[in-house]
Amino acid sequence: INHKVKLFANIYSSFKTPTLYQLFDAYAGNPDLKAEKSSLFETGAELFAGPGFRTRLVYFNRNTKDAIQFVTINPSTYESRYININRQKNEGAEWEGEYKTGSWSLTANYTYTSGKTISSYDETGSKLNSDTSYNNLYRIPKHVFNFSAGMNVTKKLFVRADLKTVGKRLEPVYGAAPETLNSYYTIGVYGGYRFSKKWSLFLDLKNITNQQYFDILGYNSRKFNFMTGFTLNLP
């Protein structure tokens, strides 16, 4: 619209086939499993407001049928099996923006995700009295925010600061209720200096506040670390 506003919408479908293990494992396999089927819808708008500024907002919605779950068929014998039992509903919104002016460049994005499973079995695979809805967006935070600010201090020197924040997430635990992973943030600083058209030097400092966090339970992530080096452009 007048080269400034773009409106869009997408509707599509997807499917996820059962794994060979889910189909044919001697203990829990089920050769009658059907593929998980999803219908997805998203819509949004993008605005180009003058030179150097752009912003975009998107809403998304996904419905999944025949979702596969590992459930206990007989509690007395611990007989368990993979079956198509769940319905999954996810929705959320994404925003991003960027602005460039003079020697400055700013970018930011935020994602909100919400979802629930509707099932007659709980998260451990035990039978419930009736269908119940609960959150099982494992390892997917409800809130994620990123911000970056860069500046050309001189024609030769460029610096940038980065901020990333990740909200709490659920971590699946076999045969038990999921655990909650704590939210975290990281800060990074990057600098680059160009000596000439051929030579340049850079320094990239990551997680400078030395945060300890987990994206997957039990697997450490890197605390403070850095990388430095130089670039040579040959004619």
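A few remarks follow.
- Three principal axis extents describe the C-alpha atoms of the chain; from largest down they are 74, 46, 35 Å.
- Where the stretch 1-81 is the region considered: accessible area per residue in Å², 1.4 Å probe: 69 Å²
- Within the chain, helix-based [θ] at 222 nm, where runs of 4 or more DSSP H residues each add -39,500 (n - 2.57), nearest 500: -500 deg cm²/dmol
- Computed on the stretch 191-235, the Cα convex hull volume stands at 82 Å³ per residue.
- Placing dummy labels 7 Å off each Cα toward the beta-carbon, the span from residue 209 to residue 195 is 3.6 nm.
- Stretchable slack from residue 73 to residue 221, in nm (0.36 nm times residue separation minus alpha-carbon distance): 49.5 nm
- In the context of the full set of protein chains, residues of the stretch 105-186 present 57 Å² of accessible surface per residue (probe radius 1.4 Å, heavy atoms only).
- Dipole check for the stretch 1-44: with +1 at the C-beta of Lys and Arg, -1 at the C-beta of Asp and Glu, and the Cα centre as origin, the magnitude is about 360 Debye.
The values are calculated or read from the model by the stated rules, or taken from the named source; none is laboratory data. It should be emphasised that the depicted structure is a prediction, and the values quoted were computed from it without experimental measurement. Here Cβ is always computed from backbone atoms with ideal geometry, including for glycine, and neighbour counts include all displayed protein chains. With ligands, DNA and RNA removed, areas are computed over all heavy atoms of the protein, side chains included. Shrake-Rupley method; radii C 1.70, N 1.55, O 1.52, S 1.80 Å.
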